Amino acid sequence: MKKTWLAVALACGTLSLNALADVSINGFASVKAGTALGSDDVKDGYTDEISFNNESLFAVQFQSDLGDKLSVTAQVMARGNNDYNANFEWAFITYQATESWRFNAGRLRTPFYKYSDFRDVGYAYDWLRTPQSVYSLGFDTIEGISAYHTGNIGELNSNLQLVFGAYDGENRVAGVLSPTQINEIKGITWEVGQDWLTLRLAYLNGKVTVTSDALTPLLTGLNQAGLGSIARAIDFNEENGTFFGAGLSFDRNNWVAVTEYTKVTVDDSFYGDQKSFYASLGYRFGAITPYISYEIDDDKAKTFIYNGLPAGLPIRSVIAGVVDSQEWDHKTTNIGLRYDFHPSAAFKVQYSTSDDNTDNLTPSNIAVGVDVVF
């Protein structure tokens, strides 16, 4: 937790420039290299060829205090897996209404997870990467507003966040990147605890629409065959999507433990019900922190969509292929080490191996890297 709050403090700005308004500039970077350990393995974006681009990134954040409780924040990031093309990750205005209430408006990080706000700031956590079984939704930001309330409940610290907005971008559906809209996003998160023990809860809801060229022929065929009800059970057209998350973190006497559980559902679509979980345990030996974590990604296909169709119906196998593609039983074990060799930099190495019960595969990889904040 101490490293996390140090990274957050650094990410809030440390360098002032004399201009029309006070401007703080800070940033973070990760330089990482890794490879899959099997000739046919593909894991976390790595193949059997060593890659320096897959997880490397550079980011700069600008914050300007406009006075009278108003400020502006923008974060520009360049990712190696996107040819280091710079994009705005965050861009929002902040109004500090009172000591307890703060409001943001613009492009915001969606508060799905404990590390959502700084999941790209590798220095903020011990792992080489956040647990991918949980941190795997296809989007991280929304356009909207959020309200933060900080306070105390007895001796406990309380942080409440309300968020409203929408997402308009792309997501991978049936293996193809497809235009995706999520409207009427409403969410609430609550983090409560002490310095060494924290509980976090999150709930978000929205209307999901996906325009997928990969699904269009199937949906057209179903409607023409008089199976419109099945077409509606497969497609994404303003469907109700929900996210629930719960997390617990412990940091005391050099022991560091974190766990998160999430559940994602999209009603009236072929999107499988997703349940994900991880648990992580580490111990600090001075500047060195070895750790181990275990992840579970258990997604259930909605086979009821096609179970009522005759077994010999040709289109049944096509529907089953789409629906069953959502079945996923994946377990991952990570073993790694963090070495804080500098007050603003950490070296990390991590070995990850998975047991894919769906396809009977056991891909693994190893990666090393340096995370810095400045």
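Numbers below:
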| item | result |
| --- | --- |
| Any hit, the stretch 26-35, residues being modelled with pLDDT under 95 and buried (at least 17 other Cβ atoms within 10 Å of the Cβ) | no |
| Pair list, Cβ under 6 Å, 6 or more apart: the stretch 222-243 residue outside any strand (DSSP E or B) and of a type outside the set (A, V, I, L, M), other residue surrounded by fewer than 14 Cβ atoms within 10 Å (Cβ to Cβ) and at pLDDT 95 or above | none |
| Counted residues, the stretch 1-25 - those being part of a strand (DSSP E or B), surrounded by 13 or more Cβ atoms within 10 Å (Cβ to Cβ) and modelled with pLDDT under 85 | 1 |
| Residue list for the stretch 66-91, restricted to those being crowded, with 16+ Cβ neighbours inside 10 Å and modelled with pLDDT under 95 | Glu89, Trp90 |
| Tally, over the stretch 178-208, of residues that are closer than 15 Å to Leu248 by Cβ, among the acidic types (Asp, Glu) and surrounded by fewer than 16 Cβ atoms within 10 Å (Cβ to Cβ) | 1 |
| Candidate set: the stretch 209-233, residues that are of a type in the set (Ser, Thr, Tyr) and touching a strand residue (DSSP E or B) at 6+ places or on another chain (Cβ under 7 Å); chosen: the one nearest to Phe250 (Cα to Cα) | Thr209 |
| Any hit, the stretch 330-350, residues being modelled with pLDDT under 95, touching a strand residue (DSSP E or B) at 6+ places or on another chain (Cβ under 6 Å) and over 13 Å from Gly34 (Cβ atoms) | yes |
| Search result, residues across the stretch 92-115 that are in a loop (DSSP other than H, G, I, E, B) and either crowded, with 20+ Cβ neighbours inside 10 Å or in contact with a Leu (Cβ under 7 Å, 6 or more places away or on another chain) (or both) | Thr110, Pro111, Phe112, Tyr113, Lys114, Tyr115 |
| Failed condition for Asn357, given (1) at pLDDT below 95; (2) within 21 Å of the chain's Cα centre (by Cα); (3) among the polar types (S, T, N, Q) | (2) |
| Residues (outside any strand (DSSP E or B) and surrounded by 14 or more Cβ atoms within 10 Å (Cβ to Cβ)) located in the stretch 160-177 | Ala174 |
| Hits in the stretch 280-337 - residues which are in a helix (DSSP H, G or I) and of a type in the set (A, V, I, L, M) | Ile305, Ile315, Val318, Ile319, Ala320, Val322, Val323 |
| Single residue of Asp299, Asp359, Asp273 found to be in contact with a Ser or Thr (Cβ under 7 Å, 6 or more places away or on another chain), on the phi < 0 side of the Ramachandran plot and free of Cβ contacts under 8 Å to residues at least 60 places away in the same chain | Asp273 |
| Val323 vs. criteria farther than 22 Å from Tyr46 by Cβ and either loosely packed, with under 15 Cβ neighbours inside 10 Å or in contact with an Asp or Glu (Cβ under 9 Å, 6 or more places away or on another chain) (or both) | no |
| Test result for Tyr271, in contact with a Phe, Trp or Tyr (Cβ under 8 Å, 6 or more places away or on another chain), in a strand (DSSP E or B) and not polar (S, T, N, Q) | no |
| Residue satisfying condition, being free of Cβ contacts under 8 Å to residues at least 40 places away in the same chain and either small (Gly, Ala, Ser) or surrounded by fewer than 17 Cβ atoms within 10 Å (Cβ to Cβ) (or both), within set Thr211, Thr130, Thr150 | Thr211 |
| Test: residue in the stretch 245-253 that is among the basic types (Lys, Arg) and either within 25 Å of the chain's Cα centre (by Cα) or surrounded by 14 or more Cβ atoms within 10 Å (Cβ to Cβ) (or both) | no |
| Any chance Asn157 is outside any loop (DSSP other than H, G, I, E, B) and either surrounded by fewer than 18 Cβ atoms within 10 Å (Cβ to Cβ) or hydroxyl-bearing (Ser, Thr, Tyr) (or both) | yes |
| Meets criteria (within 17 Å of Ala246 (Cα to Cα) and not in a helix (DSSP H, G or I)) for Gln181 | no |
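The values are calculated or read from the model by the stated rules, or taken from the named source; none is laboratory data. Remember, predicted model here, so these are calculated numbers, not experimental data. No Cβ is skipped: glycine too gets one built from the backbone with ideal geometry, and neighbour counts run over all protein chains shown.
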